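The values are calculated or read from the model by the stated rules, or taken from the named source; none is laboratory data. This structure is a prediction, so every number in the text was calculated from the model and none was measured. As a convention, Cβ positions derive from the backbone with ideal geometry for all residues, glycine included, and neighbour counts pool all protein chains shown. Side chains are part of the model used for accessible areas, which takes the heavy atoms of the whole protein and leaves out ligands, DNA and RNA. Shrake-Rupley method; radii C 1.70, N 1.55, O 1.52, S 1.80 Å.
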Amino acid sequence: MIFPMYKAQEVRRVITSALLTEAQSLLDTATMSTFVIIIFLSLMMGKSGGAIRPEVTFTPNWGNVLLGDEVTLTCNVTSTVPEEQAINGTKISTQVYQWYKDGRTIHRDEQILQIKYSAEWDGGDYQCRINTSDISDPVTLNVTIHYVLLQRPSSAIYEGDPLTLRCHHLKDFNGFQTRFYKNNEEIKSQFPDSEFSIQKVDLNTSGHYKCSKQISSRSRSDYREFSHEFLLSVKEIFSSPEIKVTPSRVIEGDEMTVRCDTRLDLLRGGTELHFAFYRDGQTVQEYNVSDTYRVLSAQQEDSGNYTCEVRMEVRMMNDTMRKMSAGLYIQIYDYTMHNIIRLVISGFVLAAALCFIYFHNKW
């Protein structure tokens, strides 16, 4: 009985070993296949520009239009992939465009989406995709049925941007005597100019805007006045800076870090900011991209009123935007004096504790 049992154990061992070997082989094959797939997908994504996000723009650049207006939407993208390739001497486009309206596919495969005569149902959120790129952020087209429309750029308005407002009227009608208002006060009245422009807006540009225009049909001489209004909000690209110091209580010899704290708008995340630091009005660090000023071993002379300034280049206007922080006085404490102060405070605490114990026991 011992021999058969030994043979059975040996057979089980051989079978188990074979199964483990086969399983390891399958695992290695699966791992290699997965690795190959990952490499292939990475190469495909690199070729197709999967990380690239296109942008939809309007021509003319108005996000709100009147019934019957012509609007052109363009799917723009910055890519290193050539738009055309030559195959047997013939140029063939390598870009495949796909359009979406309100999340649904539009059966258009060209870079430009043209609306010859806008109707109410053309209003909505538009997006596009190129090849296998990321889908663009939505842009909104509003189609209004009215005689007069105060138009503004389709994108958000940020401080430092140029701004043009247009008092637009319906096709096949005559329009004249245009007036612009901000917070119910007239700001421009110049016939026949229907536009109001600001070279560089700031937060004070925000407000309630309105335009009025006299409208008449081409077949009649009488006219009526129509108006349109909206609330314009100018966004901050970056907030007013604030000085922060680490540690909060700096002892002589400590490493001191002074930070210029500001918040950059997420939609302008690619904007480059430059920072400068001042002590008692004197520059301690010139403009650079670092938002911190460090002192490796702080000394008494490093005490003072610290401020920082943030600067952004406004390339379109060949100008700069600057914001200055409020001052923060930073005191560098003498190490010896610091220890004396700690000793005195500890003495007071100890004396108070002894007095408490004495009177508590006496009571």
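Put simply, of 271, 178 the only residue that is part of a loop (DSSP other than H, G, I, E, B) and β-branched (Val, Ile, Thr) is 271.
When residue 186 is tested against (1) open to solvent by 90 Å² or more (accessible area, probe 1.4 Å); (2) outside any strand (DSSP E or B); (3) out of contact with any Gly (no Cβ under 9 Å at 6 or more places or on another chain); (4) not hydrophobic (A, V, I, L, M, F, W, C), only condition (2) is not met.
Exactly one residue out of 213, 244 is farther than 25 Å from residue 327 by Cα and either of a type in the set (Lys, Arg) or assigned to a strand (DSSP E or B) (or both), and it is 213. Scan segment 259-303 for residues that are open to solvent by 50 Å² or more (accessible area, probe 1.4 Å) and of a type in the set (Gly, Ala, Ser) and the total you get is 4.
Close contacts from segment 95-123, counting a first residue that is without any contact (Cβ under 8 Å) to a residue 24 or more places away in the chain and a second that is surrounded by 11 or more Cβ atoms within 10 Å (Cβ to Cβ) and assigned to a loop (DSSP other than H, G, I, E, B), with Cβ to Cβ under 8 Å and a gap of 6+ residues or different chains, come to 109/96.
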